[in-house]
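Engineer: Sharing a structure here in structure tokens format.
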Amino acid sequence: MPEPRFFLFGGIKPWNEHAWVASDDRVRGGKSQSDLVHSVDSSVASFHGELDITTLGGAGFASQHTVDPQSWDLFDYHGLRLGIAESDSKKYTLVLKDETPPKRADGRDESSVSWEYDFVPGHGETVVDVSWSDLKPTYRGKPNPDAKPLHLENIKRISIMMRSHFGEQQGPFRLDLRYIAAIDFDPQTEES
């Protein structure tokens, strides 16, 4: 398994909860909420909250995304690794954007293309490797196969999301992250 080459958050770079901001379904009238707080020693960030699906009729989401402005050049890497300290084994979504969404008149972000990957980490220490080809383009939560390619040299936003998947999951959630890092994949490992 390749070692992370570039820590975006955590690992050798302490977590900073002020580098993240909530983007929950409250922007659409929902009641879900999320937080991202780090441990006392800043070695683990806990993404946790409550996913409500009753208010929006089975839909719901709670997420944290990096504060704007950001820019990461990830072109020379093959993907991201999430180092998981602990999980509730629910389905989470990693989201990348290569543009900062413009603001609407009411201050909310306009909808824009997102690149998403769903994952279900097990309990305890584990890693989730996400190759660039694993990320699928979506627009407002629906597949967008006609999207332009993801500009890896210009990643503007990273998000961790908990969504209902239209009633599949709800209630409290918690995902403890040790790090998010850019990695190279070993071609020999992928072939076996």
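Engineer: Could you please tell me which pairs satisfy a Cβ distance under 6 Å, a separation of 6+ or placement on different chains, a first residue in the range 22-49 that is of a type in the set (Lys, Arg), and a second residue that is at pLDDT 95 or above?
Structural biologist: 31/52
Engineer: Still on this structure: Is it the case that the range 125-136 has a residue that's part of a strand (DSSP E or B) and of a type in the set (Ser, Thr, Tyr)?
Structural biologist: Looking through the range 125-136, at least one residue is part of a strand (DSSP E or B) and of a type in the set (Ser, Thr, Tyr).
Engineer: Still on this structure, please answer the following. Considering each of 124, 141 in turn, give the residue that is touching an Asp or Glu at 6+ places or on another chain (Cβ under 8 Å) and either touching a residue at least 40 places away in the same chain (Cβ under 8 Å) or not hydrophobic (A, V, I, L, M, F, W, C) (or both).
Structural biologist: 124
Engineer: Could you tell me which residue of the range 87-108 is surrounded by the fewest Cβ atoms within 10 Å (Cβ to Cβ), considering only residues that are more than 17 Å from the chain's Cα centre (by Cα) and either assigned to a strand (DSSP E or B) or on the phi > 0 side of the Ramachandran plot (or both)?
Structural biologist: Residues of the range 87-108 that are more than 17 Å from the chain's Cα centre (by Cα), as a first pass: 102-108.
Those still in the list that are either assigned to a strand (DSSP E or B) or on the phi > 0 side of the Ramachandran plot (or both) too: 103, 107.
Details: 103: 11, 107: 7.
The extreme case among them is 107.
Engineer: Would you confirm whether any residue within the range 39-53 is under 19 Å from residue 178 (Cβ atoms) and open to solvent by 60 Å² or more (accessible area, probe 1.4 Å)?
Structural biologist: There is at least one residue in the range 39-53 that is under 19 Å from residue 178 (Cβ atoms) and open to solvent by 60 Å² or more (accessible area, probe 1.4 Å).
Engineer: When you scan the range 20-78, how many residues do you find that are within 13 Å of the chain's Cα centre (by Cα) and among the aromatic types (Phe, Trp, Tyr)?
Structural biologist: Selection size over the range 20-78: 3.
For every residue, the table says whether it meets (1) crowded, with 20+ Cβ neighbours inside 10 Å; (2) under 20 Å from residue 138 (Cα atoms); (3) of a type in the set (Asp, Glu); (4) touching a strand residue (DSSP E or B) at 6+ places or on another chain (Cβ under 9 Å).
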{"position": "13", "(1), (2), (3), (4)": "no, no, no, yes"}
{"position": "16", "(1), (2), (3), (4)": "no, no, no, yes"}
{"position": "27", "(1), (2), (3), (4)": "no, yes, no, yes"}
{"position": "58", "(1), (2), (3), (4)": "no, yes, no, no"}
{"position": "61", "(1), (2), (3), (4)": "yes, yes, no, yes"}
{"position": "69", "(1), (2), (3), (4)": "no, no, no, no"}
{"position": "72", "(1), (2), (3), (4)": "no, no, no, yes"}
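Engineer: Check whether at least one residue in the range 138-153 is under 23 Å from residue 11 (Cα atoms) and open to solvent by 50 Å² or more (accessible area, probe 1.4 Å), and report yes or no.
Structural biologist: There is at least one residue in the range 138-153 that is under 23 Å from residue 11 (Cα atoms) and open to solvent by 50 Å² or more (accessible area, probe 1.4 Å).
The values are calculated or read from the model by the stated rules, or taken from the named source; none is laboratory data. A quick note: this is a predicted structure, and the numbers were derived from the prediction, not measured. Positions of Cβ are generated from backbone atoms using ideal geometry, with glycine treated the same way; all protein chains shown enter the neighbour counts. Heavy atoms of the whole protein, side chains included, go into the accessibility calculation; ligands, DNA and RNA do not. Shrake-Rupley method; radii C 1.70, N 1.55, O 1.52, S 1.80 Å.
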